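Contents: one structure, followed by commentary.
The values are calculated or read from the model by the stated rules, or taken from the named source; none is laboratory data. Note that the structure is a prediction, hence the values are computed from the model and not measured. When we count neighbours, we look across all protein chains shown, and the Cβ atoms used for this are built from the backbone with ideal geometry, even at glycine.
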Amino acid sequence: MKALTKTDYNFPGQQGVYHGKVRDVYNINGEKLVMVATDRISAFDVILPKGIPYKGQILNQIAAKFLDATTDICPNWKLSTPDPMVTVGVFCEGFPLEMIVRGYLCGSAWRAYKSGVREICGVRLPEGMKENQKFPVPIITPTTKAEIGEHDADISKEEILKRGLCTPEEYAILEDYTLRLFERGTKIAAERGLILVDTKYEFGKHGGQIYLMDEIHTPDSSRYFYSEGYEERFAAGEPQRQLSKEFVREWLMDNGFQGKEGQQVPEMTDDIVRGISDRYVELYEHITGEKFVPQDTEDIATRIERNVTNYLNA
């Protein structure tokens, strides 16, 4: 199994390229974006040294399904998926924000809460909550969109408006879309025997209108619990069975890595890489309810170049 960790294309009409943590985004004539979901994997805002076979295909195909399933809530950027690892969409000027929405207290929010924090991104949290407890209503805890090598930073609605990252009217729309998308994702997850715990959305503007961008409801951008056994585990104070990238973060933490200065990424053996790949396949099948059909990994870069070029020239 081979993994795609780097791209360097020159597509028809290409004006520039942005290499993100896991996606490479090509600007076509300032009108379209070609987003390649690579097999890179990141945790704690650090790109890990080895790629994960099929990860890009899995994330791209999950995102495409959820983008198609939410077009009645808000417009989104997707035009086509000419390759299993590629989405082509309309060019949007992105807001420098990630709209994170949480239905349950866990992950970084729980770690902060456990240390005594009672306010996240300007949102007051109730006293006496336990790990993995459901919030009375979902909360929005935005972060800034960091440059490569920098950490995303929590930010409040007040600070967003004070810094002019969007207008009050725009923020109201972002908030509305975020909560409605989360509600839809929660409903779809429940049909699969899952709980959508938390997720993030990114938005941008196209033609003066706000569009949903990037991936949605994937295991990289979201956390899922299995519904079955949730109540029993919560009552007993036991960890929940998760469908998310959290297992990668936990493996790193168990091996002394949290992205802090001076820390070394533990060795990613072939067995570790294969195990992570298998977990992503499991995630895909649970989240979509469909069997995963792996694409040929022999020469991924050439396949993508051919498929995207044919699409752009059509």
Checklist entry - If you go through the stretch 3-24 one residue at a time, how many are surrounded by fewer than 19 Cβ atoms within 10 Å (Cβ to Cβ) and assigned to a strand (DSSP E or B)? => result 6
Checklist outcome for this item: Selection from the stretch 240-281 of residues of a type in the set (Val, Ile, Thr), touching a strand residue (DSSP E or B) at 6+ places or on another chain (Cβ under 8 Å) and assigned to a helix (DSSP H, G or I) yields 248
Item to check | Tally of residues being touching a residue at least 12 places away in the same chain (Cβ under 8 Å) and more than 15 Å from residue 312 (Cβ to Cβ) across the stretch 8-34 | outcome: 6
Next on the checklist: Would you confirm, using the coordinates I've provided, whether residue 86 is of a type in the set (A, V, I, L, M, F, W, C) and closer than 24 Å to residue 144 by Cα?
Outcome noted: no
Checklist entry - Given the conditions (1) free of Cβ contacts under 8 Å to residues at least 40 places away in the same chain; (2) assigned by TED's automatic domain parsing to the domain that holds residue 38, which single one is not true for residue 274? => result (1)
